[in-house]
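The values are calculated or read from the model by the stated rules, or taken from the named source; none is laboratory data. Just so it is clear, the structure is predicted and the values come from calculations on it, not from any experiment. Don't worry about glycine lacking a Cβ; one is built from the backbone with ideal geometry, like all the others, and counts go over all protein chains shown.
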Amino acid sequence: MTITRAKFEQLINPLVEKCRQPVLSALKDAKLEAKQIDEVVLVGGSTRVPMVARLVKELFAGKEPNKTVNPDEVVAVGAAIQGAIATGAVKDILVLDATPLSLGVETMGGLTEKIIPRNSTIPVARAQDFTTFKDGQTAMAIHVVQGERELVSDCRSLARFELRGIPPMAAGAARIRVTYQVDADGLLSVFAREQLSGVEASVVVKPSYGLADDDVARMLEESFTTAEVDMRARALREAQVDAQRLVEASQAALSADSELLDDAERLNIETLIGQLATVTTGDSVDAIEAATKELAAATDEFAARRMNKSIRRALAGRRLDEV
């Protein structure tokens, strides 16, 4: 049968359109605009189709694509070079691989903190410091995740392990350095070390295990389509975590040093604690942040009195030259 070009382009349009988002994503990852690209080289037999060339021209601000290479041969040449590198026949060419998805760790509130962003060339190593959430906390659970979403529940779980033996201290005082290393073979090693005591724990995983190209594409596409929703969810979780931390710290302070307050002051703080705890269960970021600021302002003077008490206790019975 005879197929007109118009009919042919109608049939292949869904496939051609699939090329649009990866191009836009590549530009975004490279932090470049289309007009900053000097040349767009067409590679692969399908780029002979005029409709593909038109899409390229559209995406790159009217720039005509470069058709000086044979789109079929260039693929075969690239495969041959890669094979030569793998067998050791060629040693003066370095081909760097990259992480297809971000690698991160779970933080309070079920949030994902990205440590190695996607498209990082490997081998690569990155580290970030974290701290404890509760007073006297002696262990920390490390949850290694993969993906671009803001919530851990929407990412791929890779491994879990615990760092034990953290010296008990006030919340926020410990310094736990979490280091991610991806070697040339794609193996991910995660190390957690408490800086003061030196206690550490680690795990090794292969992030690409069981992950097909279609899975990567799906996870990336989901991150693009849900970006706005994810950011709102992250803002809410962060506000809730900050509020919870302030509520627990305020309650602990009242239990330890309530004698530093008069009845009216103590009642006011207790009321604000209850109000903040109530709004934290809701989904209004503005309401949670407003209640958090109000409680923080109300406890500033209380915190100063507690600090003075601690200083007096530390200096009691000591001479000036000892201090």
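Numbers at a glance
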item	result
Among (1) of a type in the set (Gly, Ala, Ser); (2) more than 22 Å from residue 21 (Cβ to Cβ); (3) modelled with pLDDT of 90 or more - the single one residue 89 does not satisfy	(3)
Conditions (1) touching a residue at least 24 places away in the same chain (Cβ under 8 Å); (2) over 23 Å from the mean Cα position of the chain (by Cα); number of the one not met by residue 84	(1)
Residues (surrounded by fewer than 15 Cβ atoms within 10 Å (Cβ to Cβ) and charged (D, E, K, R)) located in the stretch 178-199	183, 185
Search result, residues across the stretch 218-231 that are part of a helix (DSSP H, G or I) and in contact (Cβ under 8 Å) with a residue 40 or more places away in the chain	219, 220, 221, 222, 223, 224, 230, 231
Hits in the stretch 255-295 - residues which are of a type in the set (Val, Ile, Thr) and touching a Ser or Thr at 6+ places or on another chain (Cβ under 7 Å)	269, 273, 288
Qualifying position, being over 17 Å from residue 307 (Cα atoms) and either surrounded by fewer than 14 Cβ atoms within 10 Å (Cβ to Cβ) or among the acidic types (Asp, Glu) (or both), among 217, 235, 227	227
Selection status of residue 258, assigned to a helix (DSSP H, G or I) and under 18 Å from residue 299 (Cβ atoms)	yes
Residues of the stretch 261-303 classified as within 30 Å of the chain's Cα centre (by Cα), assigned to a helix (DSSP H, G or I), surrounded by fewer than 19 Cβ atoms within 10 Å (Cβ to Cβ) and hydroxyl-bearing (Ser, Thr, Tyr), total	1
Test: residue in the stretch 55-78 that is of a type in the set (S, T, N, Q), over 24 Å from residue 222 (Cβ atoms), outside the structural domain of residue 213 (by TED's automatic domain parsing) and exposed (fewer than 11 other Cβ atoms within 10 Å of the Cβ)	yes
Residue count, the stretch 121-148 (criterion: over 18 Å from residue 175 (Cβ atoms) and not in a strand (DSSP E or B))	3
Index of the failed condition, residue 307 passing every other in (1) surrounded by fewer than 16 Cβ atoms within 10 Å (Cβ to Cβ); (2) part of a helix (DSSP H, G or I); (3) in contact with a helix residue (DSSP H, G or I) (Cβ under 9 Å, 6 or more places away or on another chain)	(3)
Filtered residues of the stretch 185-214 (kept if modelled with pLDDT of 85 or more, on the phi < 0 side of the Ramachandran plot and in a loop (DSSP other than H, G, I, E, B))	187, 195, 196, 197, 199, 206
All positions within the stretch 108-119 that are of a type in the set (S, T, N, Q) and surrounded by fewer than 17 Cβ atoms within 10 Å (Cβ to Cβ)	119
Close pairs from the stretch 147-176: first within 29 Å of residue 250 (Cα to Cα) and free of Cβ contacts under 8 Å to residues at least 24 places away in the same chain, partner among the basic types (Lys, Arg) and in a loop (DSSP other than H, G, I, E, B), Cβ under 6 Å, at least 6 apart	none
Which numbered condition residue 181 misses (of (1) at pLDDT below 85; (2) touching a strand residue (DSSP E or B) at 6+ places or on another chain (Cβ under 6 Å))	(1)
